């Protein structure tokens, strides 16, 4: 096995904090890390002089490279070093383009600069940001065979998915003067002599890349001293103050806080009932907000429509119309040539509402342009037929829109003439009113009120299981103003608004008067009460202790988006029955897709969880000085071994930490036998 790191930075750029390169630290990294090949890949630049210095000082294969911004992703371009002058010229063009506004290269520019891409090893950020997009990956698929990932979890995802690229895991390290802890993120490759050609071949084969030298993809190195961790389930044992939590924090730091899901000891245990109740409600509100939004989406659409209706204004318009019409009829003696003109009281042309047609055109366009479900669509409606429909709909829209524009023009002219006639006439002009719109608005309000009352009918539209718990959403009406006030998290009063709650249209108008922070876009959530509850296995609302259990299950399940799951002594907060029946299997399931590390001193979690790897932390005194050691190995191994070669009996470690010692274990075993008999 050969160890490689093809992503190293030795020059600061506009994408880095300024740093000073240290050749001695690079030599130390190569020697202590046991590297067989490195590549120098600075951001959008290549320093030929520095590269030649590094090549002369480091006694392994050093390849020239550059990390290029292309179409908003990062791409490692690695050369064989045979023609440094030509490669340096290409990199200079990249640097010049970047310095001119710090814009990424387009795919065309990238290919134009580097020419025949078969001469290079191209490694894009794959499961690592900023990652390569599907279009660019498809375009360069003939030249890309492997992709850089950011964690062992993502490495294993690629290995296990036949449709994904060959993964590589590199340090992406800045070799600075202050570099103390050496990187431990590298890839092992199965090849003989390391050369550019050999690299290009093995990086096309998933069977040739692994995370560790001796254990393949079962382990990866977590610290510079060579300590390994399993890509599956790890259990950390140890006495008090032996370094268990310190080790867990070091693992968290290696992955990065933002990439870790760290469930700390006592983190989920309730300390204050009222505070815990509020935290629980906030959690339910946040975790189910998407359901609320979806459930109330149609109602919110109706609210947006009803906000355009002003019944009071409509009533005034009708009243003015009737009043002026009566006056006009009573004043026949005052009618003159101007008021007798037919156009004096002419109604405006009503325009055709094209909203439905516009939506239909948009839907047809989506069917025409859809790629993902092209086959399914074509099996029912031919592509040519859809195109013809789209064109015909557009022509229909054009025709209606032309008529509407003509009506607009005519209405404008008529309005101008009417105004002149009315100014010259002494007769009362009849006020304009759109009686159809007034009637339509009243019907809208009636339908809206029916819709809201139906939406408030008590029901349970959501049931979602999590372990032995069930999340339910119950829909109904608000019973008092305080509930709406709490929902709004506002200090404003809702008493006046709530007095109109049984009349939804009037209630909307009152909400409107309240103003900020009560946004019109959120009015629907004040119309209908959506209440979330967590029910236990008996169908009752979860108690304080059960809430903590639920939070633990949720935090473990929620770790699927992280790169590692860390749990510190769950038995300190939860009883053995819950851990065994609910938690252990979930932890085991999570460890099949990502590294999981559990600190414990409890046999229910310890060996019973069937870990893949055990780490035992121990504080030892040597020559009057305290030393912290980690002994590790497989659960089935006779011994656990430290990095410096010391060994401990695995049975003694397990009995001492999980059973309070051999003597206690044997005594308890005898007591249980007596009870059994």
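Across the stretch 552-562, what is the total count of residues that are crowded, with 21+ Cβ neighbours inside 10 Å and either under 20 Å from the mean Cα position of the chain (by Cα) or closer than 24 Å to residue 295 by Cβ (or both)?
Step one: list which residues in the stretch 552-562 are crowded, with 21+ Cβ neighbours inside 10 Å, which gives 552, 556, 559.
Pick out the ones that are also either under 20 Å from the mean Cα position of the chain (by Cα) or closer than 24 Å to residue 295 by Cβ (or both) and you get 556, 559.
Matching residues across the stretch 552-562 total 2.
Surrounded by 13 or more Cβ atoms within 10 Å (Cβ to Cβ) and either outside the structural domain of residue 359 (by TED's automatic domain parsing) or within 36 Å of the chain's Cα centre (by Cα) (or both), is that true of residue 404? Talk me through it step by step, then tell me what you get.
Values: surrounded by 13 or more Cβ atoms within 10 Å (Cβ to Cβ): yes; either outside the structural domain of residue 359 (by TED's automatic domain parsing) or within 36 Å of the chain's Cα centre (by Cα) (or both): no.
The answer is no for residue 404.
Find the strands (runs of 3 or more DSSP E) located wholly in the stretch 577-657 whose residues include 2 or more that are farther than 30 Å from residue 468 by Cα and without any contact (Cβ under 8 Å) to a residue 24 or more places away in the chain, and list them.
613-622, 625-633, 639-642, 647-649
State yes or no: is residue 168 touching a helix residue (DSSP H, G or I) at 6+ places or on another chain (Cβ under 9 Å), closer than 30 Å to residue 215 by Cβ and not in a helix (DSSP H, G or I)?
yes
Within the stretch 61-91, which residues are part of a loop (DSSP other than H, G, I, E, B) and either out of contact with any helix residue (DSSP H, G or I) (no Cβ under 6 Å at 6 or more places or on another chain) or not assigned by TED's automatic domain parsing to the domain that holds residue 196 (or both)?
Selection gives 72, 81, 82, 83.
Taking the conditions exactly as written (modelled with pLDDT of 90 or more, over 30 Å from residue 322 (Cβ atoms) and crowded, with 17+ Cβ neighbours inside 10 Å), does residue 456 satisfy them or not?
In short, yes.
Here are 237, 199: which of them is crowded, with 19+ Cβ neighbours inside 10 Å, modelled with pLDDT under 95 and not in a loop (DSSP other than H, G, I, E, B)?
237
For the stretch 327-419, please list each of the helices (runs of 4 or more DSSP H) lying entirely inside it that holds at least 2 residues being farther than 29 Å from residue 433 by Cβ.
Those helices (runs of 4 or more DSSP H) span 355-369, 374-380.
May I ask you to list the residues in the stretch 207-230 that are closer than 19 Å to residue 617 by Cα and in contact with a helix residue (DSSP H, G or I) (Cβ under 6 Å, 6 or more places away or on another chain)?
220, 222
If the Cβ limit is 6 Å and pairs must be 6+ apart or interchain, which residue in the stretch 344-369 that is assigned by TED's automatic domain parsing to the domain that holds residue 381 pairs with which residue that is outside any helix (DSSP H, G or I) and surrounded by 14 or more Cβ atoms within 10 Å (Cβ to Cβ)?
Note: pairs meeting the criteria are 345/430.
On the basis of being in a strand (DSSP E or B), under 23 Å from residue 263 (Cα atoms), in contact (Cβ under 8 Å) with a residue 12 or more places away in the chain and under 34 Å from the mean Cα position of the chain (by Cα), does residue 566 make the cut?
Yes, satisfied.
Checking residue 253 against (1) crowded, with 16+ Cβ neighbours inside 10 Å; (2) within 23 Å of residue 563 (Cα to Cα); (3) modelled with pLDDT of 70 or more, which test does it fail?
Condition (1) is where residue 253 drops out.
Just to be sure, is residue 472 outside any helix (DSSP H, G or I) and not assigned by TED's automatic domain parsing to the domain that holds residue 290? Show your work before the answer.
Values: outside any helix (DSSP H, G or I): yes; not assigned by TED's automatic domain parsing to the domain that holds residue 290: no.
Answer is no for this residue.
Considering only residues that are in contact (Cβ under 8 Å) with a residue 40 or more places away in the chain and in a helix (DSSP H, G or I), which ones fall in the stretch 136-156?
Matches in the stretch 136-156: 136, 152, 153, 154, 155, 156.
When you scan the stretch 483-537, how many residues do you find that are in a loop (DSSP other than H, G, I, E, B) and farther than 24 Å from residue 457 by Cβ? Before the answer, list the steps.
Of all residues in the stretch 483-537, those in a loop (DSSP other than H, G, I, E, B) come to 489-494, 499-503, 515-519, 523, 528, 536-537.
Going one step further and asking which of them are farther than 24 Å from residue 457 by Cβ, we end up with 489-493, 515-519, 536-537.
Result for the stretch 483-537: 12.
Report whether or not residue 553 is part of a helix (DSSP H, G or I) and in contact with a strand residue (DSSP E or B) (Cβ under 7 Å, 6 or more places away or on another chain).
The answer is yes for residue 553.
What residue, of 150, 88, is within 19 Å of residue 41 (Cα to Cα), modelled with pLDDT of 95 or more and buried (at least 20 other Cβ atoms within 10 Å of the Cβ)?
Sole residue among the options that is within 19 Å of residue 41 (Cα to Cα), modelled with pLDDT of 95 or more and buried (at least 20 other Cβ atoms within 10 Å of the Cβ): 150.
The values are calculated or read from the model by the stated rules, or taken from the named source; none is laboratory data. All of these numbers come straight from a predicted model, not from anything done at the bench. Every residue, glycine among them, receives a Cβ derived from its backbone with ideal geometry; neighbour counts consider all protein chains shown.
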